[in-house]
Structure formats: C-alpha cells, structure tokens
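Note sheet for the following structure.
Any read-out appearing in this document is the output of simple, stated calculations on the displayed coordinates, not a laboratory observation. Everything numeric in this text was worked out from a predicted model, so none of it was measured. Glycine also receives a Cβ, built like all others from the backbone with ideal geometry; neighbour counts cover every protein chain displayed.
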C-alpha cells in the first residue's frame with residue numbers, strides 16, 4: 001500500500017466517531033519500501049485538493065519523511081515540492097506492520113502490503 | 001494499445017482457484033475486461049493518467065486492464081483474502097506494483113454483512129474515499145445468492161460516491177430500469193454501453209447445465225455537470 005491510499009483510510013469501528021482521532025491511522029512497526037514510479041505532474045496537481053494535507057503531514061513526520069508544511073501557491077511549478085509529494089505518496093510502500101486508531105486503539109494489520117480493514121473474520 | 005493486444009495480455013491473468021459461492025465469484029473474462037477498459041479509454045478518455053477504483057476486484061482482472069490502459073493509480077478492494085493473494089500475484093507478474101494498491105475491506109457495514117437482513121453501506125470506510133477517484137470500474141456480485149440481496153446496488157452506490165467522473169459496471173439486464181432511476185438520485189446519468197451474454201461456466205455444484213448465459217448490461221454512469 002502506498003501513502004496515497006493510507007490518506008483515505010479511516011477507522012470504522014462502530015462507536016469510534018471522533019473525527020480528530022479516527023484519522024489518520026497511526027503506523028506501528030512498519031516496514032517501508034521505496035518503489036520507483038514515473039512522476040506525472042498533471043496527476044499530482046489534480047490529486048492535491050483530494051489529499052488531506054494535515055493528515056499527510058502527520059504521517060510523514062511519524063515515518064521520518066520530509067514533506068513541506070503546506071501546499072505552495074503554484075504547486076505545479078515547484079519542482080522540489082512535486083518531487084517530495086511524489087516520493088512520499090506514490091513511491092513509499094508499506095509492506096508489513098499495522099495501523100492503529102488513536103480513538104479506539106483498534107489495530108489494522110498490514111501483511112504483504114495489503115491492509116486488512118475488516119474488523120473481524122466474521123464480518124464476511 | 002490495440003484492443004486485441006490488450007485482450008492477449010489479459011489472457012495471462014490468473015483467476016480464482018476455488019471460487020466461493022457466497023461471494024458470487026464469477027471471473028471477469030479477458031474478452032470482457034479488455035472491451036470495458038478499451039472503450040473507457042478510447043471513447044471517453046476515462047483511464048489514461050487517471051485515479052481508478054476497482055470495487056470487488058477479485059483476482060484483479062479489471063485492475064490489470066486499467067493499469068495496462070494507462071491508469072496512473074489504481075486502488076482495488078475485495079473482502080476475500082484468497083482472491084487478493086491471486087490479485088497480488090497478477091500485479092507482480094504484470095509489473096504494475098508501482099500503480100496498484102490492494103485493500104481488504106467490506107463495503108457492507110459489519111452488522112449487516114453475512115446475515116439475511118438488508119445490507120447497509122459501510123459509510124465510514126466509503127466516506128474516507130469519497131470523491132478521491134476519477135473513474136470506478138467494477139464487476140460486482142449480482143446479488144442473486146441469499147443474504148446478498150441488493151449488494152449489486154450497494155456496490156454501484158459506493159462507486160458513485162468514490163468516482164468524480166464516471167463509473168463502469170456490469171449488472172443483470174433485468175435490473176436496468178431500477179438502476180437508471182437510482183443513478184439519477186445519486187447525481188449520475190446512466191447509459192447502457194453494451195448488452196452482453198455473460199457466460200457463467202459451470203463452477204458450482206448448483207449449476208446443472210454446462211454453462212448459463214445471463215443477460216448483462218455494461219453500464220456507464222457519468223456525473224451530471
């Protein structure tokens with residue numbers, strides 16, 4: 001899973017409803033892998049408004065990866081910014097570990113790069 | 001890429017080893033997947049450079065097809081770990097791991113899944129993905145098994161919430177009128193791109209004939225401007 005996807009994953013435990021805590025899920029004991037991908041600036045600029053920037057920033061700090069504090073005025077012309085965003089959201093893969101909700105402490109496991117968002121096996 | 005070329009590549013996509021009846025795991029054929037994704041790109045420009053979501057991806061046939069047609073990012077969701085394992089193998093074989101993410105999740109709220117009551121959308125999960133994608137592609141369960149009633153509509157609704165522009169989905173033709181009306185209430189226009197005979201081979205014990213043809217529509221839903 002890449003960070004672009006993590007930026008959409010919220011805790012969905014029934015009574016866990018505090019929006020400030022159920023998102024973003026906090027990474028725990030993760031193994032990361034960088035996988036090179038072709039940078040597409042038009043795509044990145046189009047995705048920017050769809051990202052939750054504060055959540056992305058929080059996650060980047062957690063993982064010790066560099067990301068500017070805010071989106072610049074002309075992101076499409078900011079080479080350094082685009083590269084930082086691309087590297088973080090498109091090339092950083094989480095292979096193993098888990099994601100923990102700060103609201104209810106539910107832990108979502110990530111195995112072989114696939115997060116399991118099911119709350120229990122009986123869910124299916 | 002040419003259509004024949006795409007179909008040829010997709011012939012190598014591995015499919016279900018032991019399909020699960022309850023999950024209505026009918027494989028999407030290379031023939032069908034190639035036509036859906038080829039049309040989506042060549043007629044509507046909905047794939048190349050786009051963010052795509054595949055709901056109920058199974059072994060990833062539509063996912064691979066989307067990536068081959070130039071999707072910049074694909075998120076593929078399924079509830080079944082065995083299907084996702086095969087999807088991951090396909091992603092590795094096709095060298096599209098830089099483009100595709102797999103997530104195991106259910107689109108149905110947990111208290112309603114797997115029981116015989118009415119299925120309810122998993123709003124919290126779907127909410128996080130709302131309007132994050134350009135295009136959705138899906139071959140949802142048809143909702144013909146007990147306990148699955150309405151799951152086809154629920155998948156389509158989730159796709160409409162997540163996609164900003166267009167949704168491509170396969171549905172039993174008998175549900176057409178109902179879905180066209182539903183789409184309107186979600187803010188989408190609905191067009192039938194093709195009427196297909198879905199050749200469901202004899203995979204399950206309850207299929208007495210060698211294969212059954214089901215009349216299926218390929219729908220394209222586009223968000224009203």
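Observations, loosely collected:
- Cα long-axis angle, helix A:53-62 against chain A (0 to 90 degrees, to the nearest 10): 80
- Label point distance in nm, residue B:42-residue B:184, each placed 7 Å from Cα along Cα→Cβ: 3.3
- Compactness of chain B is given as radius of gyration and Dmax, 16.1, 47 Å, from Cα positions.
- Packing, taken as the mean count of other beta carbons within 10 Å per residue, orders the peptides A:79-88, B:55-64 from highest to lowest as B:55-64, A:79-88.
- From its DSSP helices (H runs of at least four residues, each -39,500 (n - 2.57)), chain B gives a residue-normalised ellipticity at 222 nm of -9000 deg cm²/dmol.
- Normalising by residue count, the protein assembly as shown has a Cα convex hull of 136 Å³ per residue.
- Per residue of A:5-14, other chain Cβ atoms within 10 Å of the residue Cβ number 6 on average.
- For the peptide B:132-140, the mean number of other protein chain Cβ atoms found within 10 angstrom of a residue's Cβ is 2.
- Among A:57-64, B:84-91, the peptide with the highest mean count of other Cβ atoms within 10 Å heads the list, and the full ranking is B:84-91, A:57-64.
- When B:120, B:13 are sorted by how many other C-beta atoms sit within 10 angstrom of their C-beta, beginning with the fewest, the order is B:120, B:13.
- Kirkwood Rh in Å, taken over chain A so that all alpha-carbon pairs contribute: 15.2
- What the Kirkwood sum gives for the range B:42-176 is a hydrodynamic radius of 15.0 Å, with every pair of different alpha carbons counted.
- DSSP assigns beta bridges within the range B:3-223; of those with both partners inside it, close to 50 percent run antiparallel.
- With a 10 Å cut-off around each Cβ of A:107-116, the average count of Cβ atoms from other chains is 4.
- The order of the peptides A:44-53, B:162-171 by mean Cβ neighbours within 10 Å, most packed first, is B:162-171, A:44-53.
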